[in-house]
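Trainee: The structure that follows is given in the form of structure tokens.
The values are calculated or read from the model by the stated rules, or taken from the named source; none is laboratory data. Since the model is a prediction, treat every value here as computed from it, not as a measurement. Please note: Cβ atoms are built from the backbone with ideal geometry, for glycine as well, and neighbour counts cover all protein chains shown.
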């Protein structure tokens with residue numbers, strides 16, 4: 001590519017970035033939701049849907065119980081390499097007695113521990129974003145993903161979660177928002193379901209009452 005052509009392309013990109021792009025369907029955000037929340041509590045609905053997708057769910061009355069259950073899991077599995085980049089999350093765990101030696105190698109860890117933006121009860125999904133200290137890859141590269149969430153982060157539908165992310169970040173909306181719905185799975189090969197091909201083989205969610 002010639003320098004002139006490159007300069008023309010960069011010029012057009014710069015001009016495009018200077019002009020805000022209007023929302024294509026502004027009235028769509030005011031439509032009634034497609035799904036109506038049932039009378040069932042979001043906590044129970046999320047637990048049921050998450051478990052149906054082979055996720056491993058655990059409810060904790062407080063952070064002390066969270067640490068006890070997390071420590072028991074790590075001990076039972078004999079994990080020695082835990083990956084966690086979220087400073088605030090590590091501080092909360094440590095303040096409640098959690099003790100482990102963290103590794104900096106996400107590809108070689110036994111399990112990764114992350115927080116989340118929210119939990120979606122209707123689909124049993126965890127919503128993660130690039131704005132978290134964990135970044136984009138932690139929940140994908142690790143063989144086991146452990147998500148720590150709080151009841152205050154529960155929403156009914158995906159649209160509720162996206163609205164929440166928008167309110168939290170405003171103009172600094174994360175470049176990537178991911179829905180993690182149970183262990184990774186594929187049926188590309190002879191329509192046989194295989195778990196753990198493109199991501200973690202196991203996903204745990206510890207929900208703490210808050």
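Trainee: So how many residues does the stretch 69-87 have that are in contact (Cβ under 8 Å) with a residue 24 or more places away in the chain, surrounded by fewer than 17 Cβ atoms within 10 Å (Cβ to Cβ) and closer than 26 Å to residue 151 by Cα?
Mentor: Selection size over the stretch 69-87: 3.
Trainee: Follow-up. Filter the stretch 64-113 down to residues that are assigned to a helix (DSSP H, G or I) and more than 19 Å from the chain's Cα centre (by Cα), then give me how many there are.
Mentor: 15
Trainee: Just a yes or no: is a residue in the stretch 159-171 assigned to a loop (DSSP other than H, G, I, E, B), at pLDDT 90 or above and within 14 Å of the chain's Cα centre (by Cα)?
Mentor: No, because not a single residue in the stretch 159-171 is assigned to a loop (DSSP other than H, G, I, E, B), at pLDDT 90 or above and within 14 Å of the chain's Cα centre (by Cα).
Trainee: Shifting gears a bit: Does the stretch 54-64 contain at least one residue that is out of contact with any helix residue (DSSP H, G or I) (no Cβ under 8 Å at 6 or more places or on another chain), under 30 Å from residue 90 (Cβ atoms), surrounded by fewer than 10 Cβ atoms within 10 Å (Cβ to Cβ) and at pLDDT 80 or above?
Mentor: Yes, the stretch 54-64 has at least one match.
Trainee: Determine whether residue 125 is buried (at least 21 other Cβ atoms within 10 Å of the Cβ) and modelled with pLDDT under 90.
Mentor: For residue 125, the condition - buried (at least 21 other Cβ atoms within 10 Å of the Cβ) and modelled with pLDDT under 90 - is not met.
Trainee: Also: Which one of these is in contact (Cβ under 8 Å) with a residue 12 or more places away in the chain, in a loop (DSSP other than H, G, I, E, B) and in contact with a strand residue (DSSP E or B) (Cβ under 6 Å, 6 or more places away or on another chain): 147, 116?
Mentor: 116
Trainee: Check whether at least one residue in the stretch 22-41 is at pLDDT below 95, under 18 Å from the mean Cα position of the chain (by Cα) and not in a loop (DSSP other than H, G, I, E, B), and report yes or no.
Mentor: no
Trainee: Within the set of pairs 6+ apart or on separate chains, which have a first residue in the stretch 154-172 that is more than 16 Å from residue 115 (Cα to Cα), a second that is outside any helix (DSSP H, G or I), and C-beta atoms under 6 Å apart?
Mentor: Pairs that qualify, where the first residue is more than 16 Å from residue 115 (Cα to Cα) and the partner is outside any helix (DSSP H, G or I), are 156/37; 156/121; 156/122; 157/35; 157/122; 158/120.
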